[in-house]
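Structure record follows, encoded as structure tokens.
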Amino acid sequence: MKLSGVELRRVRMPLVAPFRTSFGTQAERELLLLRAVTPAGEGWGECVTMPGPLYSSEYNDGAEHILRHYLIPALLAAQDVTAAKVTSLLARFKGHRMAKGALEMAVLDAELRASDRSFAAELGSVRDTVPCGVSVGIMDTIPQLLDVVGGYLDEGYVRIKLKIEPGWDVEPVRAVRERFGDGVLLQVDANTAYTLGDAPHLARLDPFGLLLIEQPLEEEDVLGHAELARRIRTPICLDESIVSARAAADAIKLGAVGIVNIKPGRVGGYLEARRVHDVCAAHAIPVWCGGMIETGLGRAANVALASLPGFTLPGDTSASDRFYRTDITEPFVLSGGHLPVPTGPGLGVAPIPELLDEVTTAKVWLGS
Ligand code: OSB
Ligand code: MG
């Protein structure tokens, strides 16, 4: 199909509570949304970049720039644009996987809506619902953390992930285990806050029976993770380091990773995310679906992805109200610890125009 144009929106949504990680605190979600328009209809894409380059090198202004000046013009110039061709049409531009992934998502959504197929069906879904975990930010005090974790367990979340950093690791994990028991599926995420020299300290997490420790070392330190895996018993999960199916294959071969967090934006889109899933499945490496504080749009696609057969661990696919009092789509609501996999055409959800307009801070049309 020929692309008629793309609308780029900047959106700002308040979070229900500030979210603190080892790389910073967010009180609101600022993001970019794309609406791809074709003669056969439109589709939505969500860019998972954040305001600053703190999780990875990409960030909102950078993503907007490359989308406006390189990526969208390249697709507008192409005679035949399909989701399957987006990667090759954009291949000469290095990096910027989150921006590319958002554009591919919009094209894929348009294509699937036009052919009355869902993301889930297209990606290879084998489940109607997915079990959900929740990512819990760093708190000021342990009692506060226990209140928050207790609240999520009461809501039905089946797995708890604690954000950690030096000074907030062993004690919060110990406190959660003591209060809620060994039956809770529990894992931690360091967002690169440690070095290999911290191995003896991280080994102190071993007695707590964690499912995994996510990305303890820096993004490029794959060999460091392989060495750490030999020094601690908690399985190593990689997030930031896994930027492609090739990176996943390499990390697996090097013994750096036992479990993979798949985030579609980080790897350049849902089609590459499926390839990461396939590589991991071929090596019997369990995967789970990560999150980037998505709106209902990205959440819908993530839930579809999480329903593939290799997703054997609960993901950060929490309900809309984990982060937002009001989502821009019909909200995703937790039921029995699960979210329903959308079945409608494309994402199966769309922005509610008035709600979207309320949170839109800027809008630009690129195309004819
Ligand atoms: O490392 O998984 C991460 C949020 C923003 C950036 C990075 C991460 C996170 C989360 C929350 O942990 C995921 C979510 O629930 O959307
Ligand atoms: Mg992470």
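The values are calculated or read from the model by the stated rules, or taken from the named source; none is laboratory data. A quick note: this is a predicted structure, and the numbers were derived from the prediction, not measured. Cβ: placed from backbone, ideal geometry, glycine included. Neighbour counts: every protein chain shown. Keep in mind that these areas ignore ligands, DNA and RNA; they rest on the heavy atoms of the full protein, side chains included. Shrake-Rupley method; radii C 1.70, N 1.55, O 1.52, S 1.80 Å.
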Checklist outcome for this item: Filter region 317-331 for residues that are closer than 14 Å to residue 156 by Cα and not in a helix (DSSP H, G or I); the one that is farthest from ligand 1 (Cβ to nearest atom) is 319
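Kindly check whether there is at least one residue in region 74-85 that is of a type in the set (Val, Ile, Thr) and farther than 18 Å from residue 364 by Cβ.
yes
Looking at region 32-43, can you tell me whether even one residue there is at positive phi and in contact (Cβ under 8 Å) with a residue 60 or more places away in the chain?
Yes: region 32-43 contains one or more residues that are at positive phi and in contact (Cβ under 8 Å) with a residue 60 or more places away in the chain.
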Checklist outcome for this item: Counting only residues in region 303-316 that are out of contact with any His (no Cβ under 8 Å at 6 or more places or on another chain), more than 13 Å from ligand 1 (Cβ to nearest atom) and in a loop (DSSP other than H, G, I, E, B), the one nearest to residue 33 (Cα to Cα) is identified as 307
Item to check | Residues located in region 255-299, provided they are over 23 Å from residue 226 (Cα atoms), of a type in the set (Gly, Ala, Ser), more than 16 Å from ligand 2 (Cβ to nearest atom) and open to solvent by 10 Å² or more (accessible area, probe 1.4 Å) | outcome: 268
Checklist entry - Does region 46-73 hold any residues that are hydroxyl-bearing (Ser, Thr, Tyr) and closer than 16 Å to residue 367 by Cβ, and which are they? => result 70
Item to check | Inter-residue pairs, beta-carbon under 8 Å, first in contact (Cβ under 8 Å) with a residue 24 or more places away in the chain and closer than 17 Å to residue 105 by Cα and in region 59-74, second in a helix (DSSP H, G or I) and open to solvent by 20 Å² or more (accessible area, probe 1.4 Å), 6+ apart | outcome: 71/100
Checklist entry - Is it the case that some residue within region 210-226 is touching a residue at least 60 places away in the same chain (Cβ under 8 Å), within 16 Å of ligand 1 (Cβ to nearest atom) and over 20 Å from the mean Cα position of the chain (by Cα)? => result no
Checklist entry - Could you list, in sequence order, the residues of region 227-246 that are under 20 Å from residue 265 (Cα atoms), within 16 Å of ligand 1 (Cβ to nearest atom) and out of contact with any Leu (no Cβ under 6 Å at 6 or more places or on another chain)? => result 238, 239, 240, 241, 242, 243
Next on the checklist: Looking at region 73-84, can you tell me whether even one residue there is within 23 Å of the chain's Cα centre (by Cα), assigned to a helix (DSSP H, G or I) and not charged (D, E, K, R)?
Outcome noted: yes
Checklist entry - If you take the residues in region 40-98 that are surrounded by fewer than 16 Cβ atoms within 10 Å (Cβ to Cβ) and touching a strand residue (DSSP E or B) at 6+ places or on another chain (Cβ under 8 Å), which one is nearest to residue 2 (Cα to Cα)? => result 73
Next on the checklist: Condition first: touching a Cys at 6+ places or on another chain (Cβ under 6 Å) and either at pLDDT below 95 or outside any strand (DSSP E or B) (or both). Now tell me which residues in region 17-65 satisfy that.
Outcome noted: 63
Checklist entry - When both residues are 6+ apart or on different chains and their Cβ atoms are under 7 Å apart, which pairs have a first residue that lies in region 273-302 and is more than 9 Å from ligand 1 (Cβ to nearest atom), and a second that is assigned to a helix (DSSP H, G or I) and among the polar types (S, T, N, Q)? => result 289/302; 296/320
Checklist entry - For region 10-27, which residues satisfy the criterion of being under 24 Å from residue 362 (Cα atoms) and near ligand 1 (Cβ under 10 Å from one of its atoms)? => result 26
